[in-house]
Structures are given as structure tokens and as C-alpha cells.
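Reviewing the structure listed below.
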Amino acid sequence: QGVEVQTDYVPLLNSLAMYGWQLTCVLPTPIVKTNREGNLSTKQIVFLQRPSLPQKAKKKESKVNIL
């Protein structure tokens, strides 16, 4: 009650989005710290993923035995 939560993932997400990463989940942790002004901060675990890129099919080279 009376608590305001501030998060700003936008710079992180924008910097990673250009490489194809997407935010999938944010998990809060029980770790809480207080700074000098009395503000509380928590640690969070951020999960990101990016779609797998299709791999180029490797050509199977047939080996020819020359006798």
C-alpha cells in the first residue's frame, strides 16, 4: 500500500531487439536492498529468447575412391 514500482526495461530491450532478442519472462527475487535515500530496490531475473535461425544445409560430399 502506498508503494510505487518503477521499472525501465525499455533501453535494455531496445538494445537487444536489434539482435533479435525478445523478453519472455521477468521473475522477482527475494533480494531487497535499501539505498541512502531509503528507497528499496529488488533484483529480478530477466529471461530473453530469440528465434532460432535456419541453418544452411550442409552438402554431403560423396567420397570417390580412385584406385
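The values are calculated or read from the model by the stated rules, or taken from the named source; none is laboratory data. Owing to the predicted nature of the structure, the values given are computational and were not obtained by experimental measurement. Cβ sites come from the backbone with ideal geometry, for glycine too, and all protein chains shown count toward neighbours. What goes into the accessible areas is simple: the full protein's heavy atoms, side chains included, and nothing from ligands, DNA or RNA. Shrake-Rupley method; radii C 1.70, N 1.55, O 1.52, S 1.80 Å.
Spacing of the modelled spin labels on Gln55 and Val26, each 7 Å from Cα toward Cβ, amounts to 3.5 nm. Rolled with a 1.4 Å probe across the full set of protein chains, the surface gives Lys43 an accessible area near 100 Å². Across q = 0.13, 0.15, 0.28 Å⁻¹, the range 9-49 modelled as identical point scatterers on its alpha-carbon atoms has Debye log10 I(q)/I(0) values of -0.39, -0.49, -0.91, in the order of the q list. A cut-off under 15 angstrom between Cβ atoms defines the neighbours of Thr42, and their net charge, with Lys, Arg +1 and Asp, Glu -1, is 0. Element breakdown for the range 9-49 at a 1.4 angstrom probe: carbon and sulfur atoms account for 61% of the accessible area.
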